[in-house]
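Encoded as structure tokens, here's the structure I'll be asking about.
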Amino acid sequence: MKNIEWLLAILLIIIGLTCLTVSGTTMLDAESVGTYLTTFIHLCMWMGLPVVIIGIIYMIILKKRDK
């Protein structure tokens with residue numbers, strides 16, 4: 001992929017995370033920056049954890065194939 005395509009993909013991911021965080025924060029009826037950041041961190045954790053787990057499983061499968 002070209003650099004502009006990577007930039008566009010990262011930008012779309014950031015926009016999506018921001019929209020999810022804003023909607024989650026407004027559901028809590030809290031409009032403070034601390035609540036926004038807490039929601040953002042929780043959202044990133046719950047989205048990143050499965051990616052990390054799948055990545056580890058994928059690496060284990062690749063190492064077993066090479067042997």
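Semi-axes of the equivalent ellipsoid for the chain, please: Cα gyration tensor eigenvalues, times 5, square-rooted, ordered largest first, whole Å.
32, 18, 7
May I pose another question? What whole-number value in Å² describes the accessible area per residue of the chain for a 1.4 Å probe?
89
Modelled label-to-label distance, Leu20 and Thr35, 7 Å Cα→beta-carbon offset: nm?
Result for the modelled spin labels: 2.0 nm.
Taking the Cα centre of the chain as the origin and placing charges on Cβ (Lys, Arg +1; Asp, Glu -1), which of Gly16, Thr35, Met45 is farthest toward the positive end of the dipole?
Going by the charge dipole, the pick is Met45.
Using a 1.4 angstrom probe on heavy atoms only, work out the carbon and sulfur share of the accessible area of region 1-66 in %.
Of the solvent-accessible surface of region 1-66, carbon and sulfur hold 77 percent.
The values are calculated or read from the model by the stated rules, or taken from the named source; none is laboratory data. What you see is a predicted model, and the numbers here were worked out from it, not measured in a lab. When we count neighbours, we look across all protein chains shown, and the Cβ atoms used for this are built from the backbone with ideal geometry, even at glycine. Side chains are part of the model used for accessible areas, which takes the heavy atoms of the whole protein and leaves out ligands, DNA and RNA. Shrake-Rupley method; radii C 1.70, N 1.55, O 1.52, S 1.80 Å.
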